[in-house]
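To start, the structure itself, in structure tokens.
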Amino acid sequence: MSQLGGFISLCGINPPSRWLAIAMLALSLAPGVAVAATPRTSVNDVEDEVMCPICGTLLELAESPQAQRERALVKRLIAEGRTKSEIKDVLVAQYGRAVLALPSGSGFDLSAYLVPAIAFALAVVGLGVGVSRWRRASRPPPGDDAQSKGPRGDDAERLKADLARYDL
Amino acid sequence: MSTRSLLAFLGVCAVIGLLAFGLLSKGEAKIAIGDPAPDRALPVLGGPGQGSIAAYRGRWVLVNLWASWCVPCRQEAPVLDRFARRYGKRGVSVLGINVQDNSDDALGFLREYRVRYPQLRSVGDERSAAFGSTGVPENFLVDPRGRLALIWRGPVDGDFLEARVVPLVEGRR
């Protein structure tokens, strides 16, 4: 505040008027600070995250009489300055949990988040195991070179005899 | 059975279990004449405390499921209010249960249509599901023992009440 007083005296404002000027400046800044602290939500921001429970669709897609009442309630709550989270709490109290488009993060609803995550983890593990097996199967066994891929046993003997017969 | 087969079997069982749970949890209740009326303590609409159908044991109760956004409910509410006043002293009560609605709109509706019979409130459609309801309004006549005597899935008017409800409550049927 003393810095502000110094700034005002630098601007050439008389000392008796200084505190009046500071008070007016503070008052003019106050609403801006309040708005910044609680960002105002909008109907669009809320209605794509809540359901019209009777219609079984997102509120933003619903036009039934019940949806219009629900939308009017959301507008009324926004006009009262409620945050999105507070609005959702009111909607749950009025219409039940079915009004939330996203499942909650507790109880059985948690499975909506856990099952896909577990399925993804299992798929990654399965893919890793599959790729590693495939690579192992395509690699020649240790000590196996190109020559050892020729005929063995009786076949090798027969081949040797055939080659000797042709006297190559 | 090898470990792999066991894991596959358990995986299939888990998927079938989840599907069955989903289907069963969405299933609507089926009610019939003579069944005990679905009941539970509900908050009084716009007031303190709770109420239930059981609180009217010994009287006939016409239970009306309604919502403020329901157009036929607007014609029905004054008819039910007149019926409640006319038959109140003859052992018949009308009990409204507000469903799928918000309480401010519901109270506004009661003021606008001057409804004075008792009102309870069900959050969301929990009570509608218990009654196997397909919409609003729906009406259920409960006898003095708490059993369903009439199920009417739609609005009622004066003629309907005289023809279908009055004979039951007066013991003519």
**Asked** Where does each of A:Leu73, B:Leu161 land when they are ranked from fewest to most other beta-carbon atoms within 10 angstrom?
**Response** A:Leu73, B:Leu161
**Complete:** Sorting B:Leu65, B:Val12, B:Val142 by the position of each Cα along the dipole of chain B (Lys, Arg +1; Asp, Glu -1; all at Cβ), the one nearest the positive end of that ordering is B:Val142
**Fraction in percent of alpha-carbon pairs per bin - 5 Å, the range A:51-129** = 3, 14, 18, 18, 13, 10, 8, 6, 5, 3, 1, 0
**Message:** Can you list residues from other chains, or at least 5 along the same chain, whose modelled amide H is less than 5 Å from the amide H of B:Val94?
**Reply:** B:Leu62
**Item:** Partner aspartates and glutamates for A:Lys84 [C-alpha distance under 12 Å; skip if fewer than 8 residues away on the same chain]
**Value:** A:Asp45, A:Glu47, A:Asp48, A:Glu49
**Request:** Can you tell me the 0 to 90 degree angle between the C-alpha axis of helix B:103-112 and the longest principal axis of chain B, rounded to 10?
**Result:** 20
**Nonlocal amide H pairs with B:Arg40, under 5 Å, H built at 1.01 Å** = B:Ile53
**Sparse-neighbour loop sites [GluC sites (Glu not before Pro); the range A:32-131; at most 13 other C-beta within 10 Å; DSSP]** = A:Glu63, A:Glu80
**Asked** Label B:Ala32 and B:Val12 with points 7 Å out from Cα along Cα→Cβ: what is the distance between them in nm?
**Response** 3.6
**Asked** In a GNM of chain B with a 10 Å cut-off on Cα contacts, which of B:Leu141, B:Leu95, B:Leu150 has the highest mean-square fluctuation?
**Response** B:Leu150
**Request:** Compute all pairwise cysteine Cβ distances in chain B, then list the cysteines with no distance under 4.7 Å to another cysteine.
**Result:** B:Cys13
**Item:** B:Arg116-B:Arg153 FRET efficiency (beta carbon distance; Förster radius 25 Å; 0.05 resolution)
**Value:** 0.50
**Prompt:** Considering only the other residues whose Cβ falls under 13 Å of the Cβ of B:Ile97, what net charge follows from Lys and Arg at +1 and Asp and Glu at -1?
**Reply:** -2
**Sites A:Phe120 and A:Thr57, calculated FRET efficiency, Cβ-Cβ separation with R0 25 Å, nearest 0.05** = 0.35
**Prompt:** Residue by residue through the range B:53-64, which ³J(HN,Hα) values in whole Hz follow from phi under the Karplus form 6.51 cos²θ - 1.76 cosθ + 1.60 (θ = phi - 60°), with glycine and proline marked x?
**Reply:** 5, 4, 5, 9, 3, x, 10, 6, 10, 9, 8, 10
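How large is the direction-averaged shadow of the alpha-carbon convex hull of the range B:111-173, in nm²? Each step should come with its number before you reach the end.
Working: hull surface 22.1 nm².
Value for the range B:111-173: 5.5 nm².
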**³J(HN,Hα), Karplus 6.51/-1.76/1.60, whole Hz, each residue of the range A:55-69, x for Gly, Pro** = 6, x, 10, 4, 4, 5, 9, 9, 10, 5, x, 5, 5, 5, 5
**Prompt:** So what's the convex hull volume per residue for the Cα atoms of chain B, in Å³?
**Reply:** 148
**Asked** Residue by residue, what Karplus-based ³J(HN,Hα) values in Hz, rounded to whole numbers, does the range B:65-82 have, using 6.51, -1.76 and 1.60 with θ = phi - 60° and x for Gly and Pro?
**Response** 8, 8, 8, 5, 7, 7, 5, x, 5, 5, 6, 6, 4, x, 5, 5, 5, 5
**Request:** Work out which GluC sites (Glu not before Pro) in chain B are exposed loop sites (DSSP not H, G, I, E or B, at most 14 other Cβ within 10 Å) and give the longest gap free of them.
**Result:** B:29-169
**Request:** Only Lys, Arg, Asp and Glu count, each charged at its Cβ (+1, +1, -1, -1), so figure out the dipole size of chain B about its Cα centre, rounded to 20 debye.
**Result:** 580
**Item:** Gaussian network model of chain B, springs between alpha carbon atoms under 10 Å - residue of B:Leu19, B:Leu42, B:Leu80 with greatest fluctuation
**Value:** B:Leu19
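Evaluate E = 1/(1 + (r/R0)^6) for A:Arg139 and B:Thr3, where r is the Cβ-Cβ distance and R0 equals 35 Å; express this FRET efficiency to the nearest 0.05.
According to the calculation, E is roughly 0.85.
No value in this document is a laboratory result; all are computed from the given coordinates. What you are looking at is a predicted structure, and each value in this text was computed from that prediction instead of being measured. Don't worry about glycine lacking a Cβ; one is built from the backbone with ideal geometry, like all the others, and counts go over all protein chains shown.
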